[in-house]
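J.: Got a structure here, written out as structure tokens. Questions coming.
The values are calculated or read from the model by the stated rules, or taken from the named source; none is laboratory data. Keep in mind it's a predicted model, so treat the numbers as computed, not measured. Heads up, the Cβs are rebuilt from the backbone with ideal geometry, glycines too, and the neighbour counts pull from every protein chain shown. For the accessible areas, the whole protein counts, side chains as well, though only heavy atoms, and no ligand, DNA or RNA atoms are used. Shrake-Rupley method; radii C 1.70, N 1.55, O 1.52, S 1.80 Å.
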Amino acid sequence: MSALVAVVLLGGCASIPTDSPVYPGEGQDDGGAQGDPYVRLIPVPPRPGAGETDLVRDFLSSMGSFEDDHGAARAYLTPEREAEWDPDGTALVYDERGTVDIELVDGASDPAGDDEAAASAQVRMEATRTATINADGRFVPAGDDDLLEVTFRLRQVDGEWRIDELPENLILSGQAVDRVYRSLNLYFLNPEESMVVPDTVLLPGHVTSNLADQLARRLVQGPTSWLEPAVYTAFPEDTTADTAYQAGTLTVDLSPAAAMTSEDERFGMAAQLAWTFRQVPEVQELRLRIAGEDMQIPGADGVTVDVTSGLWDSVDPSGGPGEDAPGHVYVTRDGALLAMDEDQAEHPVPGAAGSGTGIDRHAVSITEDRVAGIDPEAQEVRVAPMVSDGEYGTVLAGSDFRALSWDGAGDLWVAARQEQSVDEPDETEPDVGGVPGSELWLLNDGTDPIEVDVPELDGRIGTATVEQLRVARDGVRAAVVLGTEEGSQLAVGRLVERADGLEFGELVPVATEFEEVTDVSWRGPDQLALLGQHEDSTPQAYLSPSGGGGQATSAGAAPGVEMETITAMPNRPLLAGADDNEIWLTDDRLTWLPAGEGSAPTYPG
């Protein structure tokens, strides 16, 4: 029978059901490369004589056991439903810390006289829905006031209540999600195939699982529905994978569908696997086969290659500045841009940017050869080469520009605030008056502007505006701080190239536990550094996963000042600008120390 499930959406910001991130473990069992952190639930069988509501409550607890194809939960079903129930892989997550109402809707009846088997009842469960885990593993936060309503139909079997009608998806508490799922990245390629892109998924772990096998099978299936339009996979359609592990070497045997692939595609497949399996500590080497025959990995000396080999650095998702780039951090002082090296020695950058020209909000390209800035008075975005005679040139003008960010391909992204005019209404869109929205521009190589469609932020369906923009180095994802009437919030969206142009959208809220988020930076391919504050508190530094659920963790605060900006980079200290016109630094996420005079420190990007 069809499931009687109603999810009532009442709006609001998203919330995450966990108290801490769900991380893969480093355990090992007889299977070798298992990495099995799964805490096994000892299920409680149906209690003799349990009433209708008690039976449903115990059933919900047993759903957190994944052993034997949810065998513990099946014990609560009628024989017919036990044989037919086939969970579709989707999990609805509720907050067990709040109110969970389980009540009898229709009392037991016995319309057939003394026929006990005919007795039936309905039990309704209501709770706050905090998230959905899609069948592809994507974690989707719910709104603050989203309500989960599920109705179970019960009937008696041999004098005991059993469930005869239920949803095809799982219904799990936040605590069960913490215990059952692990957060892992699958890696795909950006459209230029120059960098791998993490796709964070939640995978269930249980006693029969093999982590390596799960990852390989899930990887060749392709990205989640959220990321799929924005990335490329080197695995041909319909490719399947089997794995074998021995003494640190993982062998991945691909189906014949992968046989007719080019050398570039084979390198791409191997790179996706290598970056994905770096998360499994027991896997040191990778061996690829196609239909049982060894595949020579392009660039490798033999048929096996180390998963941490420098061979994969060419598609490193961290997208560092490269060997020729100096690796500075940049600060603003008296309107001039200064470069600071690892020893905190500083000097003005060459060209116009180092002389102080009224430019605000600098952004330095990842290769550290160009700088972009905003002239708020002239309402212009300007770009200058960082050479001794480099002068600023205007690349955009006429808007209230708010944020700049360079990606790993050397393209500049610009966000601007715009008011939709009421004097020239667009008859194809609803008349929203002067609703504020945002414009987003991509400047190829920092010069040629292309307007990016932002349907979620252009004033048509909301009043949020982009106050801060940070594009990931892969050029596929961007983190934005959105200003709303209620405050500000952080979200991550994806950038998609369509036939009619570029689109930025499918925004997913991140770090929703904060009342305000004032700044954000990418600390790594799947981690954000941010300034967040709770009600009646001052901004503090936090680190947050960019996807896959999990709460932000504290990175401390500079003492006695109010932090205003934050910047981050893989394997480098966190830096912040504060209201005392000092740059603050932390290496350990606990102690912040002054690092020099200036404001708005920024790493390249």
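J.: Could you list, in sequence order, the residues of region 478-513 that are of a type in the set (S, T, N, Q) and either buried (at least 18 other Cβ atoms within 10 Å of the Cβ) or modelled with pLDDT of 95 or more (or both)?
T.: Of region 478-513, the ones of a type in the set (S, T, N, Q) are 484, 488-489, 512.
Those that are of a type in the set (S, T, N, Q) and either buried (at least 18 other Cβ atoms within 10 Å of the Cβ) or modelled with pLDDT of 95 or more (or both): Ser488, Gln489, Thr512.
J.: Tell me, which residue of region 433-456 that is under 20 Å from Arg402 (Cβ atoms) and modelled with pLDDT under 50 is surrounded by the fewest Cβ atoms within 10 Å (Cβ to Cβ)?
T.: Ranking the candidates gives Gly434 first.
J.: Any residue in region 473-487 that's closer than 29 Å to Gly410 by Cβ: show its pairings with residues that are surrounded by 24 or more Cβ atoms within 10 Å (Cβ to Cβ) and of a type in the set (Phe, Trp, Tyr) at Cβ separation under 8 Å, as long as the two are six or more apart or on different chains.
T.: Arg473/Trp522; Ala478/Phe504; Ala479/Trp522
J.: Restrict the check to region 351-363 and report whether at least one residue is within 23 Å of Leu528 (Cα to Cα), modelled with pLDDT under 90 and open to solvent by 10 Å² or more (accessible area, probe 1.4 Å). Write out each step before concluding.
T.: We begin by selecting, within region 351-363, every residue within 23 Å of Leu528 (Cα to Cα); these are 361-363.
Next, from what is left, pick out any that are modelled with pLDDT under 90: 361.
Right, trim to open to solvent by 10 Å² or more (accessible area, probe 1.4 Å) and you get 361.
Yes, some residue in region 351-363 is within 23 Å of Leu528 (Cα to Cα), modelled with pLDDT under 90 and open to solvent by 10 Å² or more (accessible area, probe 1.4 Å).
J.: Follow-up question, since we're still on this one. How many residues does region 127-170 hold that are in contact with a helix residue (DSSP H, G or I) (Cβ under 9 Å, 6 or more places away or on another chain), part of a strand (DSSP E or B) and either open to solvent by 20 Å² or more (accessible area, probe 1.4 Å) or more than 26 Å from Gly550 (Cα to Cα) (or both)?
T.: So the count comes out to 11.
J.: Give all pairs with beta carbons closer than 8 Å in which a residue from region 268-297 that is on the phi > 0 side of the Ramachandran plot meets a residue that is open to solvent by 10 Å² or more (accessible area, probe 1.4 Å) and charged (D, E, K, R); count only pairs at least 6 apart in sequence or on separate chains.
T.: Listed by first residue and then by second, the contacts come to Ala291/Asp253; Gly292/Asp253.
J.: Quick one: what pairs do we get from region 368-395, first residue farther than 17 Å from Thr332 by Cβ, second among the charged types (D, E, K, R) and open to solvent by 20 Å² or more (accessible area, probe 1.4 Å), C-beta under 7 Å, 6+ apart or different chains?
T.: These pairs meet every condition: Gln379/Asp400; Pro385/Asp369; Pro385/Arg370; Gly393/Arg382; Thr394/Glu380; Thr394/Arg382; Val395/Arg382.
J.: Could I ask something else about it? Go through (1) surrounded by fewer than 20 Cβ atoms within 10 Å (Cβ to Cβ); (2) modelled with pLDDT of 95 or more one by one and return the number of the condition Ala271 breaks.
T.: Just one mismatch for Ala271, condition (1).
J.: Just give me the residues in region 512-564 being of a type in the set (Asp, Glu), in a loop (DSSP other than H, G, I, E, B) and either more than 23 Å from the chain's Cα centre (by Cα) or farther than 26 Å from Gln175 by Cβ (or both), in sequence order. Before the answer, list the steps.
T.: Of all residues in region 512-564, those of a type in the set (Asp, Glu) come to 513, 515-516, 519, 526, 535-536, 562, 564.
Filter again for in a loop (DSSP other than H, G, I, E, B), leaving 513, 515, 526, 535-536, 562.
Listed by number, the residues that qualify are Glu535, Asp536, Glu562.
J.: Here's something else I'd like to know. Identify, please: which residue in region 90-134 is more than 24 Å from the chain's Cα centre (by Cα), at pLDDT 70 or above and among the hydroxyl-bearing types (Ser, Thr, Tyr) and is, among those, nearest to Gln175 (Cα to Cα)?
T.: It comes out as Thr99.
J.: With the requirement that a residue be under 21 Å from Ala363 (Cβ atoms) and either hydrophobic (A, V, I, L, M, F, W, C) or open to solvent by 10 Å² or more (accessible area, probe 1.4 Å) (or both), what does region 556-574 give you? Reasoning before the result, please.
T.: Step one: of region 556-574, the residues under 21 Å from Ala363 (Cβ atoms) are 563-574.
Across region 556-574, the qualifying residues are Met563, Glu564, Thr565, Ile566, Ala568, Met569, Pro570, Asn571, Arg572, Pro573, Leu574.
J.: Return yes when Ala216 is open to solvent by less than 40 Å² (accessible area, probe 1.4 Å) and small (Gly, Ala, Ser) and no when it is not. If you could, list the steps in order and put the result at the bottom.
T.: Details: open to solvent by less than 40 Å² (accessible area, probe 1.4 Å): yes; small (Gly, Ala, Ser): yes.
So Ala216 passes the test.
J.: Kindly establish whether Ile297 is touching a helix residue (DSSP H, G or I) at 6+ places or on another chain (Cβ under 9 Å) and closer than 30 Å to Ala415 by Cα. Steps first, answer last, please.
T.: On the way: touching a helix residue (DSSP H, G or I) at 6+ places or on another chain (Cβ under 9 Å): yes; closer than 30 Å to Ala415 by Cα: no.
Judged against the criteria, Ile297 is not a match.
J.: Determine whether region 23-43 contains at least one residue that is modelled with pLDDT of 50 or more, more than 23 Å from Gly174 (Cβ to Cβ) and surrounded by 16 or more Cβ atoms within 10 Å (Cβ to Cβ).
T.: Going through region 23-43, the residues modelled with pLDDT of 50 or more turn out to be 37-43.
Then keep just the ones that are more than 23 Å from Gly174 (Cβ to Cβ); that gives none.
Taking every residue of region 23-43 in turn, none turns out to be modelled with pLDDT of 50 or more, more than 23 Å from Gly174 (Cβ to Cβ) and surrounded by 16 or more Cβ atoms within 10 Å (Cβ to Cβ).
J.: Moving on. Any chance you could count how many residues in region 288-297 are surrounded by 20 or more Cβ atoms within 10 Å (Cβ to Cβ) and in a strand (DSSP E or B)? Working first, answer last.
T.: So in region 288-297, the residues surrounded by 20 or more Cβ atoms within 10 Å (Cβ to Cβ) come out as 288, 290, 295, 297.
Narrowing the set further to residues that are in a strand (DSSP E or B) leaves 288, 290.
Residues meeting the conditions: 2.
J.: When you look at Thr553, is it open to solvent by 30 Å² or more (accessible area, probe 1.4 Å) and either touching a Pro at 6+ places or on another chain (Cβ under 6 Å) or farther than 28 Å from Arg182 by Cβ (or both), yes or no? It would help to see each step written out before you state the result.
T.: Details: open to solvent by 30 Å² or more (accessible area, probe 1.4 Å): yes; either touching a Pro at 6+ places or on another chain (Cβ under 6 Å) or farther than 28 Å from Arg182 by Cβ (or both): no.
The answer is no for Thr553.
J.: Those residues that are open to solvent by 10 Å² or more (accessible area, probe 1.4 Å) and either touching a strand residue (DSSP E or B) at 6+ places or on another chain (Cβ under 6 Å) or at pLDDT 95 or above (or both), I need them from region 240-256; list them, please. Walk me through it before giving the result.
T.: In the first step, residues of region 240-256 are kept if they are open to solvent by 10 Å² or more (accessible area, probe 1.4 Å); the result is 240, 242-247, 249, 251, 253, 255-256.
Selection gives Thr240, Asp242, Thr243, Ala244, Thr249, Thr251, Asp253, Ser255, Pro256.
J.: For region 575-601, how many residues meet the condition of being touching a Ser or Thr at 6+ places or on another chain (Cβ under 9 Å) and open to solvent by less than 20 Å² (accessible area, probe 1.4 Å)?
T.: 8
J.: Taking the conditions exactly as written (at pLDDT below 95, closer than 30 Å to Ala270 by Cα and not small (Gly, Ala, Ser)), does Val140 satisfy them or not? Show your work before the answer.
T.: Numbers: at pLDDT below 95: yes; closer than 30 Å to Ala270 by Cα: yes; not small (Gly, Ala, Ser): yes.
The answer is yes for Val140.
J.: Something else now. Name the pairs: first residue in region 224-240 and without any contact (Cβ under 8 Å) to a residue 40 or more places away in the chain, second residue crowded, with 22+ Cβ neighbours inside 10 Å and outside any helix (DSSP H, G or I), Cβ to Cβ under 8 Å, at least 6 apart or on different chains?
T.: Partner pairs satisfying both residue conditions: Phe235/Leu254; Thr239/Leu254; Thr240/Leu254.
J.: For a quick check of your reading of the model, give me the residue pairs whose first member lies in region 87-101 and is within 17 Å of Phe139 (Cβ to Cβ), whose second is modelled with pLDDT under 90 and part of a loop (DSSP other than H, G, I, E, B), with beta-carbon atoms closer than 8 Å and at least 6 apart or on different chains.
T.: Val93/Pro17; Tyr94/Pro17; Asp95/Pro17
J.: Right, next: Being outside any strand (DSSP E or B), surrounded by fewer than 24 Cβ atoms within 10 Å (Cβ to Cβ) and within 18 Å of the chain's Cα centre (by Cα) is the filter here; which residues of region 175-201 pass it?
T.: Asp178
J.: Now for a different question. Looking at region 71-84 only, could you name the residues that are surrounded by fewer than 20 Cβ atoms within 10 Å (Cβ to Cβ) and under 24 Å from Asn210 (Cα atoms)?
T.: Gly71, Arg74
J.: Checking the condition within 30 Å of Val454 (Cβ to Cβ), open to solvent by less than 20 Å² (accessible area, probe 1.4 Å) and assigned to a loop (DSSP other than H, G, I, E, B), which residue from Gly390, Gly410 passes? Before the answer, list the steps.
T.: Numbers: Gly390 fails: within 30 Å of Val454 (Cβ to Cβ).
Result of the check over Gly390, Gly410: Gly410.
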